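S.K.: The following block contains the structure, expressed as structure tokens.
The values are calculated or read from the model by the stated rules, or taken from the named source; none is laboratory data. Every value quoted in this text rests on a predicted model; they were computed, and no experiment measured them. Cβ sites come from the backbone with ideal geometry, for glycine too, and all protein chains shown count toward neighbours.
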Amino acid sequence: MSNEQKCIGCGAILQSDDPNLPGYVPKSSLNKEDVICKRCFRLKHYNEIQDVDLTSDDFLTMLNALSTREGIIVNVVDVFDFQGSWINGLKRIVGNKKIILAANKMDLLPKLINKRRVQLWIEKLAKELGMKPDAVVLISAEKNHGIDELLETIASLREGKDVYVVGTTNVGKSTLINKLIESSIGEKNVITTSHFPGTTLDLIDIPLGDGTFMYDTPGIIQSHQMTHYVTDKELKVIMPKSEIKPKNYQLNEGQTLFLGGLVRVDYVQGGRRSLNCFVSNLLNIHRTKTENAQSLWERQVGDLLTPPGDQQFDFNNIKKTILSTKNVKQDIIISGLGFITVDAGAVLEVYAPSEVNVYLRPSIL
Ligand SMILES: Nc1nc2c(ncn2[C@@H]2O[C@H](COP(=O)(O)OP(=O)(O)OP(=O)(O)O)[C@@H](O)[C@H]2O)c(=O)[nH]1
Ligand SMILES: [Mg+2]
């Protein structure tokens with residue numbers, strides 16, 4: 001490892017040459033202990049993000065560098081956006097290491113949901129996506145649930161090796177590590193966390209006491225998530241913070257639901273039925289007739305149908321996805337925004353910004 005000093009909040013190498021680049025601190029702070037950079041300071045105290053020039057490829061390269069090191073992997077995924085927070089080919093990227101899948105943000109799912117079923121559902125999806133994890137643990141880093149079980153699982157699998165916590169941006173890697181630090185030395189919020197994707201910028205090492213380390217890593221950017229196409233203010237509306245209260249709508253064919261003004265869901269065929277929406281409690285859902293939907297969207301985006309604000313919504317960049325639930329109950333996923341549970345036998349058309357993934361998966365319920 002280099003002996004360059006790093007920001008304890010985000011892992012960026014400290015420098016005092018350019019305030020606009022990662023790791024900036026005034027010269028006078030450079031040689032102090034436990035320094036945080038200007039960007040982390042502003043994130044922690046004002047919740048303001050300073051953009052950096054690192055790309056998706058830079059972060060993948062960092063992850064790929066783990067392949068030559070010894071260690072085990074804790075892959076944090078977001079249960080609310082499981083496939084959206086999946087890294088394809090992770091085992092290949094990090095070298096053939098043991099993988100613990102930590103399914104985070106369990107607190108967002110309705111409490112009535114059966115944990116055992118969620119566990120099996122995750123194991124099944126992981127298998128379909130080509131991974132056979134050595135363990136799956138359900139956690140909520142924020143609420144401190146399942147953390148002891150995760151620690152025990154790590155202890156039983158790591159055989160004295162380092163532990164790398166990896167995942168896509170915003171899944172809660174740093175929040176999780178903060179909880180682990182807090183439970184061992186009592187200090188709170190050592191690492192910077194935020195609702196902005198791309199908070200952590202480089203590896204951050206946390207000593208485990210026996211000469212080995214746990215590492216926080218920068219998240220891999222998933223550009224197919226809605227979170228990348230909204231403003232900072234809108235991000236606060238669409239990112240759920242507490243247990244989601246599903247909103248259930250009884251629809252007839254020819255009716256449409258708007259999720260804010262970001263997504264239009266036309267119910268085309270399948271008789272009267274319910275669409276159960278799992279999105280942030282702050283996101284407005286609006287029902288209308290499909291025949292009026294497009295003109296309403298264009299007139300009311302940014303007003304009745306918000307977020308987005310009207311200023312930047314691009315109607316030329318909308319993609320239509322036709323979905324049919326065939327013979328089983330399924331969830332329509334709108335990556336980074338949420339999902340809608342629909343029973344068998346429905347045809348729907350979903351309009352969303354063209355970069356955002358829209359697809360069906362077996363229902364979590
Ligand atoms: N509801 C809920 N939110 C969580 C949980 N864990 C983290 N979050 C929130 O998710 C957001 C991202 O958390 P971070 O810990 O910064 O995520 P990260 O994976 O380190 O993100 P990057 O550093 O950008 O890769 C923050 O707004 C957290 O408060 C959780 O268990 N439940
Ligand atoms: Mg982080």
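S.K.: With respect to Leu54, is the statement that it is closer than 18 Å to Asp202 by Cβ, surrounded by 14 or more Cβ atoms within 10 Å (Cβ to Cβ) and out of contact with any Leu (no Cβ under 8 Å at 6 or more places or on another chain) true?
M.R.: When the stated conditions are applied, Leu54 does not pass them.
S.K.: Of the residues that sit in the range 330-355 and are in a loop (DSSP other than H, G, I, E, B) and under 24 Å from the mean Cα position of the chain (by Cα), which one is nearest to Asn276 (Cα to Cα)?
M.R.: Out of the qualifying residues, it is Leu337.
S.K.: Another one. Taking the stated definitions as given, is Gly211 more than 14 Å from ligand 1 (Cβ to nearest atom), at positive phi and not assigned by TED's automatic domain parsing to the domain that holds Asn357?
M.R.: yes
S.K.: Something else about it: Does any residue of the range 92-100 turn out to be touching a residue at least 60 places away in the same chain (Cβ under 8 Å), closer than 16 Å to Tyr215 by Cα, within 16 Å of ligand 1 (Cβ to nearest atom) and surrounded by 21 or more Cβ atoms within 10 Å (Cβ to Cβ)?
M.R.: yes
S.K.: A follow-up question, please. Would you say Asp303 is out of contact with any helix residue (DSSP H, G or I) (no Cβ under 6 Å at 6 or more places or on another chain), of a type in the set (Asp, Glu), assigned to a strand (DSSP E or B) and not assigned by TED's automatic domain parsing to the domain that holds Asp81?
M.R.: Working: out of contact with any helix residue (DSSP H, G or I) (no Cβ under 6 Å at 6 or more places or on another chain): yes; of a type in the set (Asp, Glu): yes; assigned to a strand (DSSP E or B): no; not assigned by TED's automatic domain parsing to the domain that holds Asp81: yes.
Judged against the criteria, Asp303 is not a match.
Residue-by-condition table, conditions (1) more than 22 Å from the chain's Cα centre (by Cα); (2) over 20 Å from Thr200 (Cβ atoms); (3) surrounded by 19 or more Cβ atoms within 10 Å (Cβ to Cβ); (4) assigned by TED's automatic domain parsing to the domain that holds Leu129:
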{"residue": "Tyr24", "(1), (2), (3), (4)": "yes, no, yes, no"}
{"residue": "Asp58", "(1), (2), (3), (4)": "no, no, no, yes"}
{"residue": "Phe82", "(1), (2), (3), (4)": "no, yes, yes, yes"}
{"residue": "Trp86", "(1), (2), (3), (4)": "no, no, yes, yes"}
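S.K.: Restricting attention to the range 190-223, and to residues there that are crowded, with 19+ Cβ neighbours inside 10 Å and over 15 Å from Ser174 (Cβ atoms), which single residue is farthest from ligand 2 (Cβ to nearest atom)?
M.R.: This residue is Gln222.
S.K.: Would you be able to say whether some residue in the range 43-53 is of a type in the set (Val, Ile, Thr), closer than 22 Å to Gln225 by Cβ and free of Cβ contacts under 8 Å to residues at least 12 places away in the same chain?
M.R.: Looking for residues that are of a type in the set (Val, Ile, Thr), closer than 22 Å to Gln225 by Cβ and free of Cβ contacts under 8 Å to residues at least 12 places away in the same chain, one finds none in the range 43-53, hence no.
S.K.: Further question: Given the criterion in contact with a Cys (Cβ under 6 Å, 6 or more places away or on another chain) and either under 23 Å from Gln222 (Cα atoms) or modelled with pLDDT under 95 (or both), identify the matching residue among Ile340, Ile318, Ile332.
M.R.: Residue meeting the stated conditions: Ile340.
S.K.: Determine whether Asp162 is assigned by TED's automatic domain parsing to the domain that holds Met214 and near ligand 1 (Cβ under 10 Å from one of its atoms).
M.R.: So Asp162 fails the test.
S.K.: Which one of Leu323, Leu283, Leu305 is at pLDDT 95 or above and over 19 Å from Lys247 (Cα atoms)?
M.R.: Exactly one residue qualifies, and that residue is Leu323.
S.K.: To continue, here is another question. Looking only at the range 280-300, count every residue that is assigned to a loop (DSSP other than H, G, I, E, B) and among the polar types (S, T, N, Q) and tell me the total.
M.R.: The qualifying residues number 3.
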